[in-house]
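Structure first, commentary second.
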Amino acid sequence: MPKLLIKKFILYLLCLTLLSSCENPRQSDNLSVDIIIEADHILTMNESLQIYENSAIAINKGKILDIDSAEVINQKYQSNNRISGKNRILMPGLINGHSHAAMTLLRGIADDKSLIDWLNNYIFPLEQEFVSEEFVRIGTKLACWEMIRGGTTTFVDMYFYPEVIAEVASSCGLRALVSSTVSDNETPNAMNADDALLNGQDFIERWKNKNSLITPILGPHAIYSVNLQQLQNTRKIANETNTPISIHLSESQFETQYSLTNYGMTSIKALESINFFDGLTIAAHVVWPTDEEIPILANNKVGVVHNPTSNMKLSSGIAPISKMLEAGVLIGIGTDGAASNNDLDMWEEMRLAALLQKVSTMNPEALPAIEVLKMATVNGAKIIGMDNAIGKIGIGMTADIIQISYDDVHHLPSYDIASHLVYVTDEQDVINVIIDGKLVMHEKELLTIDTKEIEDDVLYFADKIKKSIENN
Ligand SMILES: [Zn+2]
């Protein structure tokens, strides 16, 4: 090729490169992200409880990539999923620290009973007759529908057939810590505690670090249903496999009496005596800790999950939340199962938690709104050992985020966000839900759940239960 032609060709290539870099410089800077979501207020729930006004979040590959004014975010990023934020609040998704999701199928089946009467004469016999993989699949789907609709993005579950719970939760796009339940008694999927622990090990092996939404854990039911030796065995397996434990603890006066009679100690002390708290423990209820036991919970960093509705409905008592918080106990919040609640509404739990402490201590300053919000978000994440990833909004955190509308009349006027979220907001105000960076509810439309199919399945199963009750 003649020299002149080569020079011309090189010049031509140079021009092309220059032209392509000069062409619309704004668009080439404009990074494409999965979701851009705006809000009038972004409640971060970080250490300084920072609130961003008129801002937006850029979400990409499951994480929060950026937070800034809506103007800056819209200049820096582009997305096919852009959600506006007029009259809306963004906050971390709610963490339901204690549930029995599939029990939605037993919603309202035996109300107005004491815990032990309710368990022994109603729930356990019904479970013996009906709980199957099909029951758990349908009930858990119903619960996932209800939880996503209400802004719950993570739940800690304890029921039977954990494999089914894990499959359903992950297919619905919900984050879950799923317990493999341990009991001395025969359960629908285990003969006894030895069998249950073998199942548990198997479940952990199959699900640990396999799915970004599912964490397999162990769930010894309670000190009155699992003996101390088996509780010790459960802790050993949990520590060997680096797995958290979820347990019902100090829930009723019956439990305290049982522990005193059988072990000569109240239940928290009995568990400490076998080093049960030597590892991540999520303890549901803790209604009756003695003054000597509260420091045991704090010193061992036991995460307490408060279930106000269930405790009131079963007359279990009022958990001394303010007292435990003062002593440095880490506290989250949960709904318990729908058979003792009877819904999975975390907003109601938050509201009741605040009100219950005020009336039981006769101190209106007890458990302020912002403390309750921490229980449902950042502290909920701490008690399940996930505070590095979820529970607050910040760059690099996993995107488990909900958007609340305050268009409804009950939000008019609005002076204080935390006050509105705890004392006014209900499930109907939740508009968008993002879990693991994926939109699972968009403008109230559920994207991962076929609600009609679930409704049909639930009605079919409820009919079977009704007929059996009528024939007995
Ligand atoms: Zn429970």
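The values are calculated or read from the model by the stated rules, or taken from the named source; none is laboratory data. Every value quoted in this text rests on a predicted model; they were computed, and no experiment measured them. Positions of Cβ are backbone-derived with ideal geometry, glycine not excepted, and every protein chain shown enters the neighbour counts. In case anyone asks, the SASA skips ligands and DNA or RNA and just uses the protein heavy atoms, side chains included. Shrake-Rupley method; radii C 1.70, N 1.55, O 1.52, S 1.80 Å.
For residue 304, work out the one condition from (1) open to solvent by less than 20 Å² (accessible area, probe 1.4 Å); (2) more than 16 Å from the ligand (Cβ to nearest atom); (3) outside any helix (DSSP H, G or I) it doesn't fulfil.
So the condition that residue 304 fails would be (2).
Among the residues of segment 394-409, count how many are in a loop (DSSP other than H, G, I, E, B) and more than 20 Å from residue 154 (Cα to Cα).
Residues meeting the conditions: 3.
Say we look at segment 239-255 and pick out the residues that are away from the ligand (no atom under 16 Å from the Cβ) and surrounded by fewer than 21 Cβ atoms within 10 Å (Cβ to Cβ); which of these is nearest to residue 116 (Cα to Cα)?
Filtering first and then ranking leaves 253.
Examine segment 369-389 for a residue that is away from the ligand (no atom under 15 Å from the Cβ), over 30 Å from residue 83 (Cα atoms) and small (Gly, Ala, Ser), and state whether such a residue exists.
Yes, segment 369-389 contains at least one residue that is away from the ligand (no atom under 15 Å from the Cβ), over 30 Å from residue 83 (Cα atoms) and small (Gly, Ala, Ser).
Under 6 Å by Cβ, and 6 or more places apart or on different chains, what pairs join a residue from segment 266-279 that is assigned to a helix (DSSP H, G or I) with one that is among the small types (Gly, Ala, Ser)?
From segment 266-279, the pairs are 267/250; 267/259; 268/250; 270/259.
Tally the residues that are in contact with an Asp or Glu (Cβ under 9 Å, 6 or more places away or on another chain) and surrounded by fewer than 17 Cβ atoms within 10 Å (Cβ to Cβ), restricting the search to segment 266-277.
0
Whether any residue in segment 145-162 is among the charged types (D, E, K, R), touching a residue at least 24 places away in the same chain (Cβ under 8 Å), more than 16 Å from the ligand (Cβ to nearest atom) and more than 23 Å from residue 380 (Cα to Cα) is what I want to check.
no
Please work out which residue is nearest to residue 177 (Cα to Cα), limiting yourself to segment 128-140 and to residues that are in a helix (DSSP H, G or I), under 24 Å from the mean Cα position of the chain (by Cα) and not basic (Lys, Arg).
Out of the qualifying residues, it is 140.
Name every residue in segment 219-238 that is of a type in the set (Lys, Arg) and open to solvent by less than 30 Å² (accessible area, probe 1.4 Å), in order of residue number.
If the condition is that a residue be of a type in the set (Lys, Arg) and open to solvent by less than 30 Å² (accessible area, probe 1.4 Å), then 235 is the only one that fits.
Identify all residues within segment 62-115 that are open to solvent by 20 Å² or more (accessible area, probe 1.4 Å), assigned to a strand (DSSP E or B) and either within 16 Å of the ligand (Cβ to nearest atom) or under 24 Å from residue 429 (Cβ atoms) (or both); write none if there are none.
82, 88
Within segment 353-363, how many residues are in contact with a Pro (Cβ under 7 Å, 6 or more places away or on another chain) and surrounded by fewer than 19 Cβ atoms within 10 Å (Cβ to Cβ)?
The number of residues fulfilling the criteria is 1.
Conditions tested, residue by residue: (1) at pLDDT below 95; (2) within 16 Å of the ligand (Cβ to nearest atom); (3) part of a loop (DSSP other than H, G, I, E, B); (4) not hydroxyl-bearing (Ser, Thr, Tyr).
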residue: 225; (1), (2), (3), (4): no, yes, yes, no
residue: 232; (1), (2), (3), (4): no, no, no, yes
residue: 235; (1), (2), (3), (4): no, no, no, yes
residue: 258; (1), (2), (3), (4): no, no, no, no
residue: 283; (1), (2), (3), (4): no, yes, no, yes
residue: 288; (1), (2), (3), (4): no, yes, yes, yes
residue: 325; (1), (2), (3), (4): no, no, no, yes
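Looking for something within 16 Å of the ligand (Cβ to nearest atom) and more than 25 Å from residue 255 (Cα to Cα) - is there at least one such residue anywhere in segment 346-367?
Yes, some residue in segment 346-367 is within 16 Å of the ligand (Cβ to nearest atom) and more than 25 Å from residue 255 (Cα to Cα).
Would you mind stating whether residue 182 is in contact with an Asp or Glu (Cβ under 7 Å, 6 or more places away or on another chain), within 16 Å of the ligand (Cβ to nearest atom), open to solvent by less than 20 Å² (accessible area, probe 1.4 Å) and in contact (Cβ under 8 Å) with a residue 24 or more places away in the chain?
no
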